[in-house]
């Protein structure tokens, strides 16, 4: 039996180039030059890279399911890339969390008749809108909202596979889910895993908490194997070893910030002490070292 079938509820990352555009380019809305590229990772399972979150695809005789849908202006390009796989039009959309670079295509796909699935908190946050990494997202249109939501998880039995949606307590936000293709030994991590330069983004404004993120990562790492194909929220395809390295970076950063907090420092003093100065994450990403220290500090305050 594949170890992912029974998933329980319980050093620096390589500096790989991101397949997503830099946050500044995204803010400018320059999508004309974005190319959607495709990588088939198992029979009937593929990943689409473009701008924003990586898109997982399940396609076959039953239906086409996509995991996240990037930005609204890319919907036509995404549809063409899916058609080039030999897949039928999208019938189901799963959102790993509410951020605009993962749900921007919802209105388009919802408008074409696709059914959208997500954790309960994703719908709540999309209804109200909010701010993430300095970007303001207005309340979503009705067509963009998930119409099927869940508290812990659910399963699709499609295309000869069991596609398992699991909420492990959030972390990046309060609505993150991971998506598992049980028979194909594939997992989509959403933004619980950034396989790009820069520091992990914990969106405390959206209920994110670094301690919850570490617990979720620990659950996944303990149950996947060396053959598991790991789809990160951003960046190229990955594996268990790289995911564990990512988790180790977070753990080291949290240990350092926790020690400063225990010593009686204020947040301002902790940030000024630059506790992550020797953890070189490279240029890019969504937040800087000071913002990551702040997110860790605020997570402990929750």
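Please treat every number below as a calculation from the coordinates, not as lab data. Here the structure is a predicted model, which is why all the values come from computation and not from measurement. We place every Cβ from the backbone using ideal geometry, glycine too, and count neighbours over all the protein chains shown.
Report the residue count in the range 142-157 for those that are in contact with a strand residue (DSSP E or B) (Cβ under 8 Å, 6 or more places away or on another chain), surrounded by 15 or more Cβ atoms within 10 Å (Cβ to Cβ) and within 19 Å of residue 109 (Cα to Cα).
So the count comes out to 5.
What are the residues in the range 158-178 that are on the phi > 0 side of the Ramachandran plot, crowded, with 19+ Cβ neighbours inside 10 Å and out of contact with any strand residue (DSSP E or B) (no Cβ under 7 Å at 6 or more places or on another chain), if any? Don't jump to the end; show me each part of the working.
Pass one, the range 158-178, residues on the phi > 0 side of the Ramachandran plot: 159-160, 169-171.
Of the ones still in play, those that are also crowded, with 19+ Cβ neighbours inside 10 Å are 159, 170-171.
Residues satisfying the conditions are 170, 171.
Among (1) farther than 19 Å from residue 203 by Cβ; (2) crowded, with 18+ Cβ neighbours inside 10 Å; (3) more than 13 Å from the chain's Cα centre (by Cα), which single condition is residue 106 missing?
Going through the list (1) farther than 19 Å from residue 203 by Cβ; (2) crowded, with 18+ Cβ neighbours inside 10 Å; (3) more than 13 Å from the chain's Cα centre (by Cα), residue 106 breaks only (1).
State all residues of the range 85-103 that are closer than 15 Å to residue 145 by Cβ and either surrounded by fewer than 24 Cβ atoms within 10 Å (Cβ to Cβ) or in contact with a helix residue (DSSP H, G or I) (Cβ under 8 Å, 6 or more places away or on another chain) (or both); if no residue qualifies, say none.
Step one: filter the range 85-103 for residues closer than 15 Å to residue 145 by Cβ, giving 92-95, 97-100, 102-103.
Result: 92, 93, 95, 97, 98, 99, 100, 102, 103.
So how many residues does the range 61-90 have that are touching a strand residue (DSSP E or B) at 6+ places or on another chain (Cβ under 7 Å) and assigned to a loop (DSSP other than H, G, I, E, B)?
9
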